[in-house]
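Colleague: Before anything else, here's the structure in question.
The values are calculated or read from the model by the stated rules, or taken from the named source; none is laboratory data. If you're wondering where the values come from, they're calculated on a predicted model, not measured in any experiment. Here the Cβ is made from the backbone with ideal geometry for all residues, glycine too, and neighbour counts use every protein chain on show.
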Amino acid sequence: MSYEFVPIKTDDKSIEEVTNLLRVTFPHAKKYTKEFVVWQYVNNPLGNMIGYNAFLNGELAAHYALMPIRAKVFGKEENGLLSLNTATHPNHRGKRLFTTLADRSYALASDLGFGFVIGVANAQSTPGFLKKLNFQFVGRLDAKLGWGKFARKVTDAKIDYYRVWDETSIQWRLSNPELRYKVKNNRVSSSTDNFAIQAVLKDFDSEHSLDDNQFSLGFTPLKVWIGIDHTVDWKRSFYFNIPMKIRPSPLNLIFKDLTDKDRKFEFSGVTFSALDFDAY
């Protein structure tokens, strides 16, 4: 059984193939419409998705895609990639295709000048990223549930990593065809699958000025927050850790340096929000 490994494409036929594979791989995820895949793979102002596909006899067997992003890494802005969609058709599982796709994708990314790959892995996928693909385990994202405003604290802590957003990338991120976002007072929020709970995705600072919209999240007095933000004083905020036993899975932040510098992060030097990946 000989697979053909080729870089992913974003023409109509390729988008259709990827959409179908994502639907088969994740049958309970309703978001994988063709419009959603085009939004992710083609419309990103920072560039099309990159990665690799595995084909067998003309059938798309496995797929790995990374999304171009901008981030400030150790004080310098650079292009990087968000590890995003991994899919293997049920008929082709157990063939170790993902490792091959990942290795080829990272080599391609390095050749294209991308400096890093960052991602959020669940409990099942984390060991493979760490042991087989040499990612760094940065830390587990905080998950809080509560109400009211965040109490902020003054800190001069050095931030070694945070994602860079500009007006164009923000507007693209908020144009997700499968989910609507509420924007008010520079805060981006969304609905969740849980009654009376909204998700706080990101509070933008005064550097940005987002226009409020009129979208209502309905009756959602409780708020869930996921990420890493050392400027929030949780002791003075009415938010509490969500116990691990009731979380669907721990969300682990992982990082891979694509340069020859072997860069690594301390958890205390990272800022990361739910808007920075695909939780909502």
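Colleague: When you go through Glu59, Glu35 one by one, which is the residue that is surrounded by fewer than 17 Cβ atoms within 10 Å (Cβ to Cβ) and under 27 Å from Thr168 (Cα atoms)? Give the steps one after another, and end with the answer.
Modeller: On the way: Glu59 fails: under 27 Å from Thr168 (Cα atoms).
Sole residue among the options that is surrounded by fewer than 17 Cβ atoms within 10 Å (Cβ to Cβ) and under 27 Å from Thr168 (Cα atoms): Glu35.
Colleague: Which one of these does Ala54 not meet: (1) in contact (Cβ under 8 Å) with a residue 40 or more places away in the chain; (2) closer than 21 Å to Asp260 by Cβ; (3) of a type in the set (Gly, Ala, Ser)?
Modeller: Looking at each condition in turn, Ala54 falls short on (2).
Colleague: Would the range 168-177 turn up any residue that is modelled with pLDDT of 95 or more, farther than 26 Å from Phe36 by Cβ and surrounded by fewer than 17 Cβ atoms within 10 Å (Cβ to Cβ)? Walk me through it before giving the result.
Modeller: Here is the first cut: in the range 168-177, the residues modelled with pLDDT of 95 or more are 168-177.
Remaining after also requiring farther than 26 Å from Phe36 by Cβ: none.
Scanning the range 168-177, I find no residue that is modelled with pLDDT of 95 or more, farther than 26 Å from Phe36 by Cβ and surrounded by fewer than 17 Cβ atoms within 10 Å (Cβ to Cβ), so the answer is no.
Colleague: Which condition number does Asn134 fail, the rest of (1) touching a residue at least 60 places away in the same chain (Cβ under 8 Å); (2) within 14 Å of the chain's Cα centre (by Cα); (3) more than 27 Å from Ala199 (Cα to Cα) being met?
Modeller: Status for Asn134: all satisfied but (2).
Colleague: Which strands (runs of 3 or more DSSP E) does the range 1-90 wholly contain that include 3 or more residues that are out of contact with any helix residue (DSSP H, G or I) (no Cβ under 8 Å at 6 or more places or on another chain)?
Modeller: Numbers: elements: 4-7, 50-56, 59-73, 76-88.
Output list reads 59-73, 76-88.
A quick yes/no check of all residues on (1) more than 16 Å from the chain's Cα centre (by Cα); (2) within 24 Å of Asp142 (Cα to Cα); (3) of a type outside the set (A, V, I, L, M):
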| site | (1), (2), (3) |
| --- | --- |
| Leu174 | no, yes, no |
| Arg180 | yes, yes, yes |
| Arg187 | yes, yes, yes |
| Asn213 | yes, no, yes |
